[in-house]
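Below is one structure, written out as structure tokens, with a few remarks after it.
The values are calculated or read from the model by the stated rules, or taken from the named source; none is laboratory data. Because the structure is predicted, anything quoted here is derived from the model rather than measured. When we count neighbours, we look across all protein chains shown, and the Cβ atoms used for this are built from the backbone with ideal geometry, even at glycine.
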Amino acid sequence: MYVSHLSLHDFRSYRSVDVPLEAGVTAFVGRNGQGKTNLVEAIDYLSRLQSHRVATDAPLVRAGADQAVVRAAVVRDGRTATLEVEINAGRANKARINRSPLPRTRDLVGLVRTVVFSPEDLTLVKGDPSDRRRFLDDLMILRSPRLAGVRSDYDRVLKQRNSLLKTAGLARGSAREGALATLSVWDDHLATIGAEILAQRLALVEALKPYVGKAYETVARGATRDDAEITYKSSVVEPVETITPTVESLRELILAELARRQKDELDRGISLVGPHRDDLLLHISAGSERLPVKGYASHGESWSFALALRLAAYDLLRADGDDPILILDDVFAELDSQRRRQLAELVADAEQVLVTAAVPEDVPAVLAGARYQVSAGEVTRDE
Ligand SMILES: Nc1ncnc2c1ncn2[C@@H]1O[C@H](COP(=O)(O)OP(=O)(O)OP(=O)(O)O)[C@@H](O)[C@H]1O
């Protein structure tokens with residue numbers, strides 16, 4: 001798939017801009033702060049209804065405006081659809097396809113599939129477990145968009161259950177009895193929805209494993225595909241080698257663990273069991289040792305691992321049968337010349353690659369293609 005036209009209204013720094021695009025490589029070049037990332041962020045937002053830079057929508061709406069519109073013509077298998085999202089400050093967003101409103105905005109998720117490489121990717125390796133959980137969930141949702149609903153149901157259940165734990169933890173006598181009875185209903189919801197998320201994540205990690213090894217071998221100097229390893233760490237199941245447990249068995253495991261840790265949960269007033277407590281463990285080999293990447297890997301190795309995770313996501317989506325749009329946001333300036341060249345060679349044949357760079361020299365030669373200058377909100381094509 002590729003985007004053949006992008007229009008923005010009151011999105012970030014843009015009052016109004018129209019950018020015709022084509023398949024292959026397009027580079028947006030310009031000095032810092034001119035609006036290059038804002039363009040590719042808009043396409044990524046259309047894909048996931050989330051920005052790779054901010055957690056909330058407010059910064060996406062141009063200062064002083066109360067609504068931003070991102071519209072893109074997307075070509076897939078020769079057919080074009082116009083996807084549009086209206087981002088409303090303080091009100092629900094709206095989505096349209098070919099100008100017809102969608103019943104739910106989140107029905108837009110996954111119709112455009114993007115993989116973004118950005119300087120923030122180092123947080124995949126060095127950041128909190130929540131950064132890695134987000135990586136897994138975003139990928140899982142791009143592959144099965146209905147899971148966006150499952151994940152938001154889980155977040156809602158978690159919030160309700162946490163507030164009930166706080167109340168129940170403080171209550172005494174019959175009030176406590178009542179709160180505990182209600183808690184068992186929420187335990188059930190958490191276990192049911194949590195098991196579905198957990199099963200999906202376990203299956204996703206199994207599917208990603210071979211791609212991560214292969215990608216790490218390509219981007220890390222002298223590495224083999226066995227040198228990088230990912231393992232899902234769950235609060236209820238031990239890492240499994242070959243068998244992915246069923247949703248029902250995971251539900252039972254979550255319920256059992258909730259019962260075991262109930263006292264702890266009541267004392268602390270938060271949910272301690274479930275996929276929101278899990279992590280994706282990353283290991284590299286150093287000689288005969290297997291070391292966690294966080295805290296042990298060098299800066300270069302950490303970058304290689306972060307790139308390998310993104311490349312693996314790209315390869316997996318590609319194996320599903322449709323090339324995602326690749327966005328390389330300011331990433332080449334961060335890499336040494338070898339990693340720069342290798343990444344560029346790996347992605348050069350993607351159906352659409354959008355690159356942002358401060359100076360033309362940051363765009364590797366193998367990624368020659370269309371080029372736009374971005375300056376003070378004006379986007380002009382180089383002849
Ligand atoms: N909601 C907003 N309203 C108005 N301007 C905004 C908004 N959000 C960001 N900007 C402006 O957009 C500009 C940043 O644009 P962008 O991040 O696309 O820069 P860039 O060209 O990619 O720069 P760099 O090379 O430094 O990454 C900044 O000048 C910022 O002030």
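When R96, R48, R62, R71 are checked against the criterion of being modelled with pLDDT under 95, within 28 Å of E378 (Cβ to Cβ) and surrounded by 17 or more Cβ atoms within 10 Å (Cβ to Cβ), a single residue qualifies: R48. Remark: pairs (first residue in the range 182-203, closer than 15 Å to R151 by Cα; second residue of a type in the set (G, A, S) and surrounded by fewer than 20 Cβ atoms within 10 Å (Cβ to Cβ); Cβ separation under 8 Å; 6+ apart in sequence or on different chains) = Q200/S144.
Please verify whether L255 is touching a residue at least 12 places away in the same chain (Cβ under 8 Å), buried (at least 20 other Cβ atoms within 10 Å of the Cβ) and not aromatic (F, W, Y), treating the condition exactly as stated. For L255, the condition - touching a residue at least 12 places away in the same chain (Cβ under 8 Å), buried (at least 20 other Cβ atoms within 10 Å of the Cβ) and not aromatic (F, W, Y) - is met.
Checking I243 against (1) at pLDDT below 95; (2) outside any loop (DSSP other than H, G, I, E, B); (3) not acidic (D, E), which single condition isn't satisfied? Of (1) at pLDDT below 95; (2) outside any loop (DSSP other than H, G, I, E, B); (3) not acidic (D, E), only one is false for I243: (2).
Residue count for the range 283-297 under the criterion of being surrounded by fewer than 20 Cβ atoms within 10 Å (Cβ to Cβ) and either in contact with a Ser or Thr (Cβ under 9 Å, 6 or more places away or on another chain) or basic (K, R) (or both): the result is 5.
Can you confirm whether Q200 is buried (at least 20 other Cβ atoms within 10 Å of the Cβ) and polar (S, T, N, Q)? Criteria met by Q200.
Using the structure shown, decide if A81 is at pLDDT 95 or above and not in a strand (DSSP E or B). For A81, the condition - at pLDDT 95 or above and not in a strand (DSSP E or B) - is not met. When the range 18-54 is limited to residues that are assigned to a strand (DSSP E or B), of a type in the set (A, V, I, L, M) and closer than 27 Å to D322 by Cβ, the one that is farthest from the ligand (Cβ to nearest atom) turns out to be V25.
Taken as a whole, the condition of being outside any loop (DSSP other than H, G, I, E, B) and under 23 Å from R151 (Cβ atoms) does not apply to L266. For L316, the stated conditions do not hold, so it cannot be described as crowded, with 21+ Cβ neighbours inside 10 Å, under 20 Å from the mean Cα position of the chain (by Cα), more than 16 Å from the ligand (Cβ to nearest atom) and among the aliphatic types (A, V, I, L, M). Annotation: of all residues in the range 336-351 being under 16 Å from V25 (Cα atoms), part of a loop (DSSP other than H, G, I, E, B) and among the charged types (D, E, K, R), the one that is farthest from the chain's Cα centre (by Cα) is D349. Scanning the range 319-335 for residues that are surrounded by fewer than 20 Cβ atoms within 10 Å (Cβ to Cβ), modelled with pLDDT under 90 and in a helix (DSSP H, G or I) gives A333, E334.
Would you please name the residue that is nearest to the ligand (Cβ to nearest atom), looking only at residues in the range 2-12 that are of a type outside the set (V, I, T) and under 21 Å from V331 (Cβ atoms)? The residue in question is R12.
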